[in-house]
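The values are calculated or read from the model by the stated rules, or taken from the named source; none is laboratory data. Everything numeric here is computed off the predicted structure, so don't read it as measured data. All Cβ positions, glycine included, derive from the backbone under ideal geometry; neighbour counts span all protein chains shown. Accessible surface areas use protein heavy atoms only, side chains included; no ligands, DNA or RNA. Shrake-Rupley method; radii C 1.70, N 1.55, O 1.52, S 1.80 Å.
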Amino acid sequence: GELPTWLQGILLRNGPGMHTIGDTKYNHWFDGLALLHSFTFKNGEVYYRSKYLQSDTYNCNVEANRIVVSEFGTMAYPDPCKNIFAKAFCYLSHTIPEFTDNCLINIMKTGDDFYATSETNFIRKINPQTLETLEKVDYSKYVAVNVATSHPHYDSAGNVLNMGTSIAEKGKTKYVLFKIPPSVPEKEKKKSCFKHLEVVCSIPSRSLLHPSYYHSFGITENYIIFVEQPFRLDILKMATAYIRGVNWASCLAYHKEDKTWFHFVDKKTKKDVSTKFYTDAMVLYHHVNAYEEDGHIVFDIIAYTDNSLYDMFYLKNLNEDFEANTRLTSVPTCKRFVVPLQCDKDAEIGSNLVTLPSTATAVKEKDGSIYCQPEILCEGIELPRINYDYNGKKYKYVFATKVQWSPVPTKIIKFNVQTKEMLHWGEDHCWPSEPIFVPSPDAREEDDGVVLTCVVMSDPNKTPFLLALDAKTFKELGRATVNVEMHLDLHGIFIPAKDVTTETE
């Protein structure tokens with residue numbers, strides 16, 4: 001096929017790539033050492049390259065020829081031959097763990113720079129053209145957070161907005177929203193953007209020792225949306241995990257009898273809306289999009305009724321019969337919540353306060369709190385992406401992977417949230433990755449552009465490829481086959497050629 005001539009730039013992807021080091025093996029797929037790969041589009045041709053992220057974690061493990069740095073699902077132990085004092089000291093120093101810089105989840109843009117990110121306090125700067133690993137940035141030097149999300153948002157001024165959790169600092173555990181500017185003032189050219197990082201606001205956790213786990217958050221023109229779910233980290237268990245010989249993942253628990261709380265932070269006042277909004281227990285990783293309409297906040301998420309998804313990716317479960325035997329006990333469901341911010345104070349108890357046309361409800365309770373029930377948009381989709389020009393605005397289209405009952409995607413889809421129509425692309429033995437939408441330069445409509453996805457083949461005799469679809473019709477424009485073993489990855493970013501500072505290689 002042929003690629004549109006305007007498609008010029010780099011598709012950069014990130015995910016776990018190496019799961020065995022020497023005689024040791026990671027327990028969980030999400031623990032593998034980060035492997036970056038890229039597709040560069042230049043005058044109708046595509047160039048592929050991949051490289052392991054040269055993190056400190058990678059270097060330590062490779063040098064020792066075994067896993068020596070702990071990951072979320074794999075606890076690593078130092079040299080067992082050390083004397084008893086060194087051992088005792090080692091146990092103590094692990095109570096607040098020194099987290100890994102194996103940034104394997106996503107890519108973040110900050111000003112002209114790009115960083116590989118995960119969910120710890122470390123991010124790694126990378127060169128998007130050569131995939132070379134550059135300096136390590138520790139968020140905790142600039143803001144009091146122990147963990148941070150790998151799904152930041154970008155505003156129209158180019159600021160990065162992100163969230164992290166500050167654990168038991170000064171006796172309080174809170175969720176911190178912070179902003180990184182795209183550039184620094186002229187006279188401070190030598191300083192990094194992170195020196196100018198500012199805390200937008202913080203939301204106290206409902207529990208000092210059991211903060212909510214979260215993978216992303218939502219944003220509208222005037223509000224930040226944070227969902228405090230009953231899928232929680234047990235800090236005391238985490239502090240003793242090393243001594244007990246268990247991994248940190250075992251310190252996460254889902255409390256299905258609890259509520260899920262919604263927080264809406266006003267960007268101008270930097271305060272949480274005082275009305276208490278909640279829904280039933282759920283587990284959520286990905287926000288799709290959100291917007292404001294007639295005094296309501298409308299936000300779309302992909303939610304589960306349990307936390308079985310993480311457990312499926314333990315490597316002991318990823319065997320030859322994986323596709324046949326692995327069944328999700330909870331299907332990912334795209335839910336739309338409609339939350340009335342400007343609601344009538346005198347509304348009757350038990351009345352539905354939603355006035356937009358939707359089956360979503362928001363019912364006033366005796367204590368003044370509001371119980372929200374969603375509209376179900378569709379089922380079985382994950383890794384959602386949108387046309388980011390419509391982020392925080394009323395929109396129509398979600399591009400996502402289709403997952404049925406197995407956690408491995410078999411198709412990619414385009415879903416219209418307004419009409420509920422769905423278009424598919426899929427072929428036998430194909431496992432596509434998260435689809436990324438690239439708008440065409442003269443786009444007039446939301447779906448003017450292409451959708452790019454990397455396709456891994458479950459048939460070992462077939463080569464993987466990059467697929468380009470027309471975003472409007474979902475018809476194939478072209479594919480570029482790659483004659484190497486490509487890995488299933490997690491998230492990525494498209495960098496238009498104009499945003500790549502050219503360096504001679």
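Structural remarks
- Among the criteria (1) open to solvent by less than 40 Å² (accessible area, probe 1.4 Å); (2) at pLDDT 90 or above; (3) not charged (D, E, K, R), the one residue 305 does not fulfil is (1).
- Residue in the stretch 263-283 that is out of contact with any Cys (no Cβ under 7 Å at 6 or more places or on another chain), on the phi > 0 side of the Ramachandran plot and either surrounded by fewer than 22 Cβ atoms within 10 Å (Cβ to Cβ) or of a type outside the set (A, V, I, L, M, F, W, C) (or both) present: no
- For the stretch 378-420, the candidate set comprises residues that are among the polar types (S, T, N, Q) and in contact with a Leu (Cβ under 8 Å, 6 or more places away or on another chain); within that set, the residue that is nearest to residue 487 (Cα to Cα) is 401.
- Subset tally (residues that are basic (Lys, Arg) and either open to solvent by less than 50 Å² (accessible area, probe 1.4 Å) or under 18 Å from residue 285 (Cβ atoms) (or both)) for the stretch 247-262: 1
- Residues of the stretch 322-337 satisfying the condition of being β-branched (Val, Ile, Thr), at pLDDT 85 or above and over 16 Å from residue 373 (Cα atoms): 331
- Residues of the stretch 443-489 classified as among the aliphatic types (A, V, I, L, M) and closer than 16 Å to residue 401 by Cα, total: 12
- Scan of the stretch 200-212 for residues that are under 23 Å from residue 274 (Cβ atoms) and either in contact with a His (Cβ under 9 Å, 6 or more places away or on another chain) or crowded, with 16+ Cβ neighbours inside 10 Å (or both), ordered by number: 200, 201, 202, 203, 205, 211, 212
- Per-region count, the stretch 355-366, residues in contact with a strand residue (DSSP E or B) (Cβ under 9 Å, 6 or more places away or on another chain) and open to solvent by 20 Å² or more (accessible area, probe 1.4 Å): 8
- Residue within the stretch 411-430 that is closer than 19 Å to residue 107 by Cβ, open to solvent by less than 50 Å² (accessible area, probe 1.4 Å) and in contact with a Ser or Thr (Cβ under 9 Å, 6 or more places away or on another chain) present: no
- Contacts under 6 angstrom Cβ, first residue in the stretch 407-433 being farther than 25 Å from residue 375 by Cα, partner open to solvent by less than 40 Å² (accessible area, probe 1.4 Å) and of a type in the set (Phe, Trp, Tyr), 6 or more apart: 425/474
- Meets criteria (at pLDDT 90 or above, open to solvent by less than 60 Å² (accessible area, probe 1.4 Å) and under 22 Å from the mean Cα position of the chain (by Cα)) for residue 70: no
- Each residue in the stretch 169-191 was checked for being crowded, with 18+ Cβ neighbours inside 10 Å and over 17 Å from residue 142 (Cβ atoms), and 1 of them qualify.
- Among the residues making up the stretch 450-483, those that are of a type in the set (Gly, Ala, Ser), surrounded by fewer than 21 Cβ atoms within 10 Å (Cβ to Cβ) and not in a loop (DSSP other than H, G, I, E, B) are 478, 480.
- For the stretch 113-129, a residue qualifies if it is of a type in the set (Val, Ile, Thr) and either open to solvent by 30 Å² or more (accessible area, probe 1.4 Å) or modelled with pLDDT under 95 (or both), and exactly one does: 120.
- Residue list for the stretch 421-434, restricted to those being touching a strand residue (DSSP E or B) at 6+ places or on another chain (Cβ under 9 Å), more than 30 Å from residue 357 (Cα to Cα) and assigned to a loop (DSSP other than H, G, I, E, B): 426, 427, 429, 433, 434
- Filtering the stretch 10-32 to residues that are farther than 21 Å from residue 432 by Cα and part of a strand (DSSP E or B) leaves 20, 21, 24, 25.
Residue by residue, here is whether (1) at pLDDT below 95; (2) more than 25 Å from residue 335 (Cα to Cα); (3) of a type in the set (A, V, I, L, M, F, W, C) holds:
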residue: 413; (1), (2), (3): no, no, yes
residue: 416; (1), (2), (3): no, no, no
residue: 450; (1), (2), (3): no, yes, yes
residue: 490; (1), (2), (3): yes, no, yes
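- Residue that is most open to solvent (accessible area, probe 1.4 Å) [pool: residues in the stretch 225-246 that are modelled with pLDDT under 95 and among the β-branched types (Val, Ile, Thr)]: 243
- Single residue of the stretch 140-168 satisfying the filter (aliphatic (A, V, I, L, M) and closer than 16 Å to residue 212 by Cβ) that is surrounded by the fewest Cβ atoms within 10 Å (Cβ to Cβ): 168
- Inside the stretch 33-67, residues that are assigned to a loop (DSSP other than H, G, I, E, B) and either closer than 15 Å to residue 486 by Cα or open to solvent by less than 60 Å² (accessible area, probe 1.4 Å) (or both) make up a count of 4.
- Subset of the stretch 101-142 [among the small types (Gly, Ala, Ser), touching a Gly at 6+ places or on another chain (Cβ under 9 Å) and touching a residue at least 24 places away in the same chain (Cβ under 8 Å)]: 111
- Single residue of the stretch 151-189 satisfying the filter (among the hydrophobic types (A, V, I, L, M, F, W, C) and closer than 19 Å to residue 387 by Cα) that is modelled with the lowest pLDDT: 157
- Condition met for residue 349 (part of a loop (DSSP other than H, G, I, E, B) and out of contact with any Pro (no Cβ under 8 Å at 6 or more places or on another chain)): yes
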